[in-house]
Amino acid sequence: MDDDELEQHDIELFRKEIGDIETLKHDKIKPSRNTVNTSEIKLNRRDKLSDDLTPAYEPLTNIGSEESLSFRRSGIQERLLSRLRNGHFSMEAELDLHGMTIPLAQQALTTFIADCQHYHIRYARVIHGKGWGSKDHKPVIKTWLNGWLREMEEVLAFCSARIEDGGTGALYVLLRRDKKQQ
């Protein structure tokens, strides 16, 4: 049997085992608001974002895998950062930077933040990992991300996520409201 015949045989066997299927009708699904699947986001919105992140920026210190990150702009209350840190906000979008090179991660982050602004997303999660898969087993992307997010004026605050959302391998990010939205 070749692969196509084997696949067709598997499908027929599955259908035979499952039997007839009955479609259920209900109206219990509640649509969610302002959530965006990042795979649906168009990657052409860099024009709005401050896209002048310093490519030559060299982090002064390396950040440890288990080290927590925290940042808030002047004017952002500590209470708001505390609520962000405790997961009180529903994350509306997510970006996973695992396995990316520094230039790819920088481009993905810039595009992601611009898209979040375009779709009026205020709360996002960025997964950077802990660096266990890197050459020196150190968090390279995490270190760079710490600097990049501080440079972006669209970012009001960020902090390491709760354990169940990635812990020190992910960040919650609070974004400025788009000026057109205000």
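The values are calculated or read from the model by the stated rules, or taken from the named source; none is laboratory data. A quick note: this is a predicted structure, and the numbers were derived from the prediction, not measured. Note that we place each Cβ from the backbone using ideal geometry, even for glycine, and neighbour counts take in every protein chain shown.
Computed quantities for the displayed model
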item: Cβ-Cβ under 6 Å pairs, at least 6 apart or on other chains, the stretch 77-104 side within 12 Å of Arg162 (Cβ to Cβ) and touching a residue at least 24 places away in the same chain (Cβ under 8 Å), far side exposed (fewer than 14 other Cβ atoms within 10 Å of the Cβ) and among the charged types (D, E, K, R); result: Gly87/Arg162
item: Failed item, numbered, when Phe158 is tested on (1) touching a Ser or Thr at 6+ places or on another chain (Cβ under 9 Å); (2) assigned to a loop (DSSP other than H, G, I, E, B); (3) touching a residue at least 24 places away in the same chain (Cβ under 8 Å); result: (2)
item: Test for Lys138: is it in contact with a Pro (Cβ under 8 Å, 6 or more places away or on another chain), under 17 Å from Ile63 (Cβ atoms) and not in a helix (DSSP H, G or I); result: no
item: Selection count where residues are surrounded by fewer than 11 Cβ atoms within 10 Å (Cβ to Cβ), at pLDDT below 90 and either in a helix (DSSP H, G or I) or under 18 Å from the mean Cα position of the chain (by Cα) (or both), scope the stretch 42-98; result: 3
